[in-house]
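Read through the structure below, which is laid out as structure tokens, and then see the notes.
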Amino acid sequence: MGEGARVYTIPLRDAYRAPWTKRAKVAVRLVREFVARHVKAQIVKVSPALNEVIWTRGIRKPPRRVKVKVSLTEEDGVKVAVVEPAAEGGGTEGGG
């Protein structure tokens, strides 16, 4: 990570309060609002990779949380990129 970069885990559970026809859109909005609130920025740009992670399972089922890297730049505002894609299978290991 370069100077001015931070890693956040953004909870997207509030997207599930929205109708299922709007959940992924709401999740993207929640990412923008979270980053704007935490780094006090006006311009927040979401990377195509992060957008792809949010929309992977369609509009109905966005991820419950996403881990992102926030890079601060003076000329472009704030760029938000995904740190690691959602793990396949999720949940606890060795359940029984």
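The values are calculated or read from the model by the stated rules, or taken from the named source; none is laboratory data. Only a predicted model underlies this, so the values are computations on that prediction, with no experimental measurement involved. Heads up, the Cβs are rebuilt from the backbone with ideal geometry, glycines too, and the neighbour counts pull from every protein chain shown.
Summary of values
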| quantity | calculated |
| --- | --- |
| Some residue of the range 16-23 being at pLDDT 95 or above, surrounded by 13 or more Cβ atoms within 10 Å (Cβ to Cβ) and under 14 Å from the mean Cα position of the chain (by Cα) | yes |
| Test: residue in the range 1-23 that is closer than 17 Å to VAL83 by Cα, part of a helix (DSSP H, G or I) and of a type outside the set (A, V, I, L, M) | no |
| Residues being in a helix (DSSP H, G or I) and touching a Pro at 6+ places or on another chain (Cβ under 9 Å) - total across the range 26-58 | 10 |
| Residues of the range 37-70 classified as free of Cβ contacts under 8 Å to residues at least 12 places away in the same chain and either within 14 Å of ARG6 (Cβ to Cβ) or of a type in the set (A, V, I, L, M, F, W, C) (or both), total | 2 |
| Number of positions in the range 49-76 that are in contact with a strand residue (DSSP E or B) (Cβ under 9 Å, 6 or more places away or on another chain) and surrounded by fewer than 15 Cβ atoms within 10 Å (Cβ to Cβ) | 6 |
